[in-house]
Amino acid sequence: MSFQQLADLIPELIGIETGHRSRTIDEPAGTYVLLSVRRGHVRIRPAGAEPLVCAQGYACHPGRGPYRIEAPKTKEADYVLLYYRMLPADGSWSLEGPLQTVSETKIRYMLDELLSMKAPVGAAVEREAAFRYKQRMMLERVLYIYLYETGLKPADGPSADALAETLSYLNEHYMLKLTLPMLAKRAGMSEGHFTVLFKRLTGTTMTGYLRALRIEKAKRMFEETRLSAKEIAQRVGFADYFHFSRVFKQEAGLSPLGYKQERERNLKI
């Protein structure tokens, strides 16, 4: 798969839906499906192949299905399916397989926006066209991020599966005290091997990834709750509020209080 194909084709969103349970994807010719995992992980089984652990994204190709999504029985998974086609229909679009990203927050916001968008009923032709164009731009952006960042992080085999499960574990247990030795042991690797592969997969260290993840979770809590900054600090894994405040400013560019005030001002506009 190359960017030349994306440059020569126009993606058109057909539908979008959320999922939590196991299911089979078997779409007709010409319909592609992009799986994006928002929480936890799933296993995806292409036709006639062994299942792969997916904690981020997977591109399903209509000529290689059906695909079976297997959600864990003991944990809840949360994923989004984007159904789309490529125009012109006779163009070459070969995207298929695991997709990786370090921009999960960007993708989550775009998916949330797509899920909340409602097609205008009885609207003028121009308004309807604007709606479809916005959908297309957002789909193109999601595809671009997955394509670009997957290309930056080659990884395969059992190690890739172990690291995918590690990322899923971090996203579910970020508030706990997590250490490199503990995570490396959990993945069945030496600390050195784990460090190298984690950096290759995510573009950052385990500590840097966890720190950025905790701050993103904190920002989301500021947006969705009325908890105080100190309560949020504790909930995302910071025992020391002053350390949280310092890290938050480094990651977000504002202090926790400044971020909260800025958001409140934007909501009033």
Here the range 160-175 yields Karplus 3J(HN,Hα) values (6.51, -1.76, 1.60; θ = phi - 60°; whole Hz; Gly and Pro given as x) of 5, 4, 5, 6, 4, 5, 5, 4, 4, 5, 4, 5, 9, 10, 4, 7
Karplus ³J(HN,Hα) for the range 39-45 (6.51 cos²θ - 1.76 cosθ + 1.60, θ = phi - 60°; Hz, whole; x = Gly/Pro) runs 8, x, 8, 10, 10, 10, 10
Ranked on Cβ counts within 10 Å of their own Cβ, fewest leading, Asp26, Asp161 go Asp26, Asp161
Counted neighbours (other Cβ, 10 Å), sorted fewest up, put Glu76, Glu70, Glu172 in the order Glu76, Glu172, Glu70
Computed on Cα atoms, the radius of gyration and Dmax of the chain in angstrom are 20.0, 61
In whole Hz, the Karplus estimates of ³J(HN,Hα) for the range 223-240 (6.51, -1.76, 1.60; θ = phi - 60°; x where Gly or Pro) are 7, 10, 9, 10, 5, 6, 4, 5, 5, 5, 4, 5, 5, 9, x, 9, 6, 9
The long-range amide H neighbours of Gln56, using H built 1.01 Å from N in the peptide plane and a cut-off of under 5 Å, are Val37
Of the listed pairs Lys177/Lys199; Lys73/Lys219; Lys185/Lys217; Lys134/Lys177; Lys73/Lys106; Lys177/Lys260, those with alpha carbons more than 32 Å apart are Lys134/Lys177
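Throughout, read-outs are computed from the coordinates displayed, never taken from laboratory work. In this text the structure is predicted, and so the values were computed from the model without any measurement. Here Cβ is always computed from backbone atoms with ideal geometry, including for glycine, and neighbour counts include all displayed protein chains.
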